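Have a look at the structure below, then the notes.
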Amino acid sequence: MLRDYEPIVGKGTVEELRLLAGHLSGKVVQNVNSTFVGGGVAEILSRMVPLLNELGVDARWDVIKGNDPFFQVTKKFHNAIHGRSEDITTQDFEVFLETSKKNVQDLQLAGDIMFIHDPQPIALISRRKEVGKKWLWRCHIDVSQPSQQVWKFLHPYVIKYDAAVFSAPSFSQTLPIRQFLISPSIDPLSDKNRELSDDVVVAVLSKYKISRDKPIITQVSRFDYLKDPVGVIQAFKLVKRTIDCRLVLAGGTASDDPEGDKVLAEVNTAANGDPDIHVLLVPPNSDTDINALQRGSTIVLQKSIREGFGLTVSEALWKAKPVVASAVGGIPLQVKNKFTGLLSHGVEGTAFALKQLLTNPEYAAQLGKNGREHVRQNFLITRHIKDYLLLFLAVEHAGDIMHL
Amino acid sequence: MNLAIDWIARNWQAVIIPGAVFAAALMASFWLRTIVYKRVDRWVRKTSRKVDDILVSVTRGPSALWCVLISAYLALAVSNMPQPWKIPAGRIMGSLLTVSIALTINGLARETLGFYGERWKLSHGSLTLAKNVARSTLAVLAVLTMLDIWGLPLTSILVVLLLVALVGVVVFRDAIADVFAGLQVTATGNVKAGDYVKLWSGEQGYVLDIGTRHARIKGLDESVTTVPNSRLTQSAVINYGQPLKKAKEPFRFYGRAQITELTGLRAKNLPGLVDILKQVPESVVYYHTHHFLVDHHYLTPEPTNDFGVWVADALGDEALGERLASVDMFEFTSLASLKERLVSIMEECLSRKGAGRDAPEGRDFYFLKSTSVIFSTPYVAHDLREFVEALRNVSQDSLYFHVFESRMRLGRGLNDFSNWIDQNLGEKDLADRIARFDPYTYTLGGLRSTLIQLIEKRIK
């Protein structure tokens with residue numbers, strides 16, 4: 001319910017959404033992606049579509065159908081777009097085309113605005129002559145350094161859209177169509193972000209055998225080289241020379257990531273049995289646990305080497321936690337150095353930033369407070385909905401100033 | 001005839017004595033009435049209270065009837081009429097006296113309420129209601145008195161009436177509270193039609209009228225809200241008094257939202273930054289010099305721009321970064337001239353120090369563009385009171401639009417507030433004071449407070 005967000009973002013913000021939505025009355029916005037469950041896109045759509053409907057926008061959500069080989073190919077595409085080396089054969093492209101053709105024929109498309117999410121359903125644009133007035137491609141992933149083989153395959157489809165939407169400037173490509181920037185968001189009412197009582201926080205920390213007897217530094221991310229968990233331990237050890245504290249590394253390993261176990265083993269080796277280093281393999285769907293671990297922390301760290309948008313940073317900022325994070329991916333959009341957190345570039349820099357915050361709790365609290373406001377203004381779901389409404393309006397108009 | 005004469009002859013005492021008592025009592029009471037009214041008339045002429053005049057005029061006629069009834073009652077008392085006749089006759093006279101007194105008091109109440117209702121500017125509905133309440137109360141009292149005179153059991157009737165009244169009070173307690181609150185508000189004059197009020201419960205605006213149960217308030221969005229009168233007495237009310245000077249044209253507050261577009265252009269170093277900056281449209285310059293104000297309005301009044309931040313952070317040229325960041329945007333009323341100034345600073349630096357280093361990997365400058373969506377809000381102001389109250393309520397985006405965007409991007413040269421205050425209210429001094437503010441040195445919250453204080457000071 002939109003009303004539930006009023007105490008968080010203010011009545012004016014929700015009123016503004018209603019006002020903007022009023023200008024889309026009668027329009028049908030059809031979202032299409034590859035799955036109803038699992039993954040960030042489905043999570044966003046499952047929250048966004050009902051809220052858009054509540055605002056009076058006729059938003060619909062459909063998914064394409066595909067068999068295992070199709071989704072194996074799209075997984076390969078996903079990895080290749082992210083710059084990972086993948087062996088993609090002509091047969092893979094044929095599998096993709098064949099399933100896409102079937103979906104193009106079978107899927108009921110009826111939107112005034114067709115909002116296609118990610119590469120899997122990209123070929124639906126083949127029906128743009130007969131369906132929809134405007135077609136938008138919402139790219140949730142970073143396509144700045146893609147495998148040229150995959151990008152050359154996707155490019156002809158992308159440029160047929162009226163506009164593309166990216167999550168960060170650095171994720172985009174030079175394209176001959178309009179490109180919009182819409183950051184992702186967190187939902188302050190979800191299990192991962194809702195307010196928790198101190199009792200719940202204490203219970204979760206006890207569950208993972210973490211004592212609050214000293215400051216706790218936490219990084220929440222899967223065990224992946226790109227999240228640099230070993231670098232986190234190195235930075236922690238530098239801090240611990242002068243300040244007694246604990247480190248929590250909480251995350252899982254992706255089921256499709258063969259490196260996950262290897263990274264976890266390296267992390268355990270680096271931890272070397274230090275009782276102040278807690279390496280937690282958190283099971284999937286443990287959103288409340290993650291929420292409590294972040295809330296129970298003194299500082300939240302995100303020392304990634306490469307990052308997507310990095311919404312774990314927004315999650316920590318929303319909990320008013322002082323954050324130290326690497327200036328990669330979408331993190332600089334969230335952490336304005338020395339205003340809403342501290343940015344670092346290496347192990348020593350991270351250790352220095354951590355020490356600064358641990359020895360200056362008032363400064364740390366001020367950064368946390370600013371961070372929470374920054375997220376309230378820019379990274380909550382209400383802002384995301386507003387951007388989508390503006391996008392649907394803007395795509396109908398040319399020019400830089402639009403009067404409604 | 002002969003029978004009647006015979007009866008009188010036989011019972012002359014039974015006729016003559018009561019007749020004499022009646023005549024004597026009538027003369028005495030009329031004499032007394034004349035003296036009393038003469039004195040009262042003299043006293044009334046000396047006073048200026050209207051209620052005295054009403055009292056005299058309303059009682060003058062009925063008092064004659066009272067004299068007759070009292071005389072007749074005395075005559076009846078001395079007569080030797082048989083008891084079965086005497087008792088009903090006495091009760092008829094008592095009943096007539098009761099009705100007469102009730103009618104007289106009703107007339108007195110009607111006239112008094114009419115006079116004071118007009119003086120206190122009671123609404124027609126309140127006045128009618130008060131008269132009806134008085135009339136009903138008198139009728140009930142008269143009936144009860146007559147029942148008592150005729151010896152009927154009064155206790156059970158009183159109990160029933162009391163129960164009915166209690167049930168009525170419980171069922172209509174809100175309505176009763178509203179009615180009395182309406183009477184209280186109009187009698188005390190704390191709130192009048194035309195006043196600008198702000199209720200604790202959130203409603204605010206000009207009071208259109210105060211009715212029997214409800215008051216109507218015209219809000220800032222021109223909607224009319226009906227509030228129960230009890231809310232005017234039970235919750236805190238700020239009454240700002242009568243309207244101020246009306247504007248020739250009302251001020252309508254607009255909202256503004258922005259969606260960001262990617263241009264696909266990016267720079268790795270200072271020469272690239274200058275080259276692209278020269279080519280890009282003004283909407284790009286606007287984005288990179290103004291988005292910080294909106295995105296971080298809660299954070300700092302630091303008037304920064306992305307060019308200065310990037311040059312200092314990514315290229316390591318803090319001196320140039322400072323020069324770019326400290327360009328006084330309040331000096332400019334057009335984006336073209338602002339762009340020219342930024343380019344000239346960069347070019348001057350290039351000619352002096354050369355190209356400098358490239359940005360580290362992943363720190364390129366991405367040129368973004370702002371697309372503004374402007375829409376009307378429900379807030380409309382017809383005078384400075386409405387204006388300042390709307391200013392408290394409009395979104396930060398609306399404030400931003402009227403102060404920054406209209407001046408710089410829409411090329412109006414001046415903020416919308418100063419324009420309206422000068423041209424539609426003739427308040428040139430206030431308009432100039434607002435125009436002299438450098439809004440770039442405030443957070444939006446700070447700017448809002450400062451503007452409100454300035455206007456409040458003027459209207460007080």
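For the stretch B:180-197, state whether one or more residues are closer than 30 Å to A:Glu15 by Cα, touching a helix residue (DSSP H, G or I) at 6+ places or on another chain (Cβ under 6 Å) and not charged (D, E, K, R).
Yes.
List the pairs whose first member sits in the stretch B:338-363 and is touching a residue at least 12 places away in the same chain (Cβ under 8 Å), whose second member is assigned to a helix (DSSP H, G or I) and of a type in the set (Ser, Thr, Tyr), and whose Cβ atoms are under 7 Å apart, counting only residues at least 6 apart or on separate chains?
Taking only residues 6 or more apart or on different chains, the pairs are B:Leu338/B:Thr289.
Among the residues of the stretch A:307-323, count how many are touching a Gly at 6+ places or on another chain (Cβ under 7 Å) and either outside any helix (DSSP H, G or I) or farther than 10 Å from A:Gly341 by Cα (or both).
Counting residues in the stretch A:307-323 that are touching a Gly at 6+ places or on another chain (Cβ under 7 Å) and either outside any helix (DSSP H, G or I) or farther than 10 Å from A:Gly341 by Cα (or both) gives 8.
Tell me, which residue of the stretch A:149-201 that is aliphatic (A, V, I, L, M) and part of a loop (DSSP other than H, G, I, E, B) is farthest from the other protein chains (Cβ to nearest Cβ)?
My answer is A:Leu196.
Kindly indicate whether any position in the stretch B:351-363 is among the basic types (Lys, Arg), surrounded by fewer than 21 Cβ atoms within 10 Å (Cβ to Cβ) and within 11 Å of chain A (Cβ to nearest Cβ).
yes
Looking at (1) at pLDDT 90 or above; (2) in a loop (DSSP other than H, G, I, E, B), can you tell me which one A:Ile88 breaks?
Failing condition for A:Ile88: (1).
Name every residue in the stretch B:202-253 that is in a strand (DSSP E or B), in contact with a helix residue (DSSP H, G or I) (Cβ under 8 Å, 6 or more places away or on another chain), farther than 26 Å from B:Lys457 by Cβ and of a type outside the set (A, V, I, L, M), in order of residue number.
B:His214, B:Pro228
Residue pairs, Cβ under 8 Å, 6 or more apart or interchain, first in the stretch A:73-85 and among the polar types (S, T, N, Q), second not in a helix (DSSP H, G or I). List them.
Hits for this filter: A:Thr74/A:Ser34; A:Thr74/A:Gly66; A:Thr74/A:Pro119; A:Thr74/A:Gln120; A:Asn79/A:Glu86; A:Ser85/A:Ser147.
What are the residue pairs meeting all of these: first residue in the stretch A:1-30, first residue free of Cβ contacts under 8 Å to residues at least 24 places away in the same chain, second residue assigned to a loop (DSSP other than H, G, I, E, B) and polar (S, T, N, Q), Cβ atoms under 6 Å, and 6 or more apart or on different chains?
As it stands, the answer is A:Gly12/B:Ser395, since those pairs meet every condition given.
Looking at (1) in contact with a Leu (Cβ under 6 Å, 6 or more places away or on another chain); (2) modelled with pLDDT of 90 or more; (3) more than 7 Å from chain A (Cβ to nearest Cβ), find the lone condition where B:Gln396 falls short.
Among (1) in contact with a Leu (Cβ under 6 Å, 6 or more places away or on another chain); (2) modelled with pLDDT of 90 or more; (3) more than 7 Å from chain A (Cβ to nearest Cβ), B:Gln396 violates only (2).
Can you confirm whether the stretch A:296-303 contains a residue that is buried (at least 24 other Cβ atoms within 10 Å of the Cβ), over 20 Å from the mean Cα position of the chain (by Cα), closer than 20 Å to A:Ile186 by Cβ and among the polar types (S, T, N, Q)?
yes
Does the stretch A:38-55 contain at least one residue that is over 22 Å from A:Met114 (Cβ atoms) and surrounded by fewer than 18 Cβ atoms within 10 Å (Cβ to Cβ)?
Yes: one or more hits.
Taking the stated definitions as given, is B:Phe401 crowded, with 19+ Cβ neighbours inside 10 Å and not basic (Lys, Arg)?
The answer is yes for B:Phe401.
What are the residues in the stretch A:353-404 that are acidic (Asp, Glu) and either touching a residue at least 40 places away in the same chain (Cβ under 8 Å) or assigned to a helix (DSSP H, G or I) (or both), if any?
Within the stretch A:353-404, A:Glu362, A:Glu373, A:Asp387, A:Glu396 meet the criteria.
Name the helices (runs of 4 or more DSSP H) wholly inside the stretch B:1-82 in which the number of residues that are aliphatic (A, V, I, L, M) and within 24 Å of B:Asn106 (Cα to Cα) is 3 or more.
B:12-46, B:50-78
Please specify each residue of the stretch A:205-227 satisfying the condition of being free of Cβ contacts under 8 Å to residues at least 12 places away in the same chain and outside any loop (DSSP other than H, G, I, E, B).
Within the stretch A:205-227, just A:Ser206 meets the criteria.
Contact list please: Cβ distance under 6 Å, first residue in the stretch B:424-447 and over 14 Å from B:His402 (Cα atoms), second residue among the β-branched types (Val, Ile, Thr), pairs at least six apart or on different chains.
Here the result reads B:Glu427/B:Ile421; B:Leu430/B:Ile421, each pair linking the stretch B:424-447 to a residue that is among the β-branched types (Val, Ile, Thr).
May I ask you to list the residues in the stretch A:104-148 that are part of a strand (DSSP E or B) and either aliphatic (A, V, I, L, M) or not assigned by TED's automatic domain parsing to the domain that holds A:Leu24 (or both)?
Residues satisfying the conditions are A:Ile113, A:Met114, A:Ile116, A:Leu136.
So, in the stretch A:352-381, exactly how many residues are more than 12 Å from chain B (Cβ to nearest Cβ) and closer than 26 Å to A:Asp162 by Cα?
Adding up the residues that qualify gives 1.
Please find, within the stretch B:242-254, the residue that is farthest from the other protein chains (Cβ to nearest Cβ) out of those that are surrounded by 16 or more Cβ atoms within 10 Å (Cβ to Cβ) and in contact with a Leu (Cβ under 7 Å, 6 or more places away or on another chain).
Checked the stretch B:242-254; the qualifying residue farthest from the other protein chains (Cβ to nearest Cβ) is B:Leu244.
Need the failing condition index for B:Leu152 against (1) in contact with a helix residue (DSSP H, G or I) (Cβ under 8 Å, 6 or more places away or on another chain); (2) surrounded by fewer than 16 Cβ atoms within 10 Å (Cβ to Cβ); (3) closer than 30 Å to B:Cys67 by Cα, just the number.
Among (1) in contact with a helix residue (DSSP H, G or I) (Cβ under 8 Å, 6 or more places away or on another chain); (2) surrounded by fewer than 16 Cβ atoms within 10 Å (Cβ to Cβ); (3) closer than 30 Å to B:Cys67 by Cα, the lone unmet condition for B:Leu152 is (1).
Given the residues A:Ala203, A:Ala250, which is the only one that is buried (at least 21 other Cβ atoms within 10 Å of the Cβ) and out of contact with any His (no Cβ under 6 Å at 6 or more places or on another chain)?
A:Ala250
Check every one of the helices (runs of 4 or more DSSP H) wholly within the stretch A:1-76 and list those with 1 or more residues that are away from chain B (no Cβ under 14 Å) and under 22 Å from B:Arg256 (Cα atoms).
Numbers: elements: A:6-9, A:11-22, A:40-54.
Of the helices (runs of 4 or more DSSP H) lying wholly inside the stretch A:1-76, those with at least 1 residues that are away from chain B (no Cβ under 14 Å) and under 22 Å from B:Arg256 (Cα atoms) span A:6-9, A:40-54.
When the stretch A:382-404 is examined, which residues are found to be acidic (Asp, Glu) and more than 7 Å from chain B (Cβ to nearest Cβ)?
A:Glu396 - this is the single residue of the stretch A:382-404 that is acidic (Asp, Glu) and more than 7 Å from chain B (Cβ to nearest Cβ).
So B:Ser406 fits all but one of (1) within 12 Å of another protein chain (Cβ to nearest Cβ); (2) out of contact with any Gly (no Cβ under 7 Å at 6 or more places or on another chain); (3) touching a residue at least 24 places away in the same chain (Cβ under 8 Å); (4) outside any loop (DSSP other than H, G, I, E, B); what number is the exception?
(3)
The values are calculated or read from the model by the stated rules, or taken from the named source; none is laboratory data. Just so it is clear, the model here is predicted, and its values are computed rather than measured. Neighbour counts run over all protein chains shown; Cβ positions are idealised from the backbone, glycine included.
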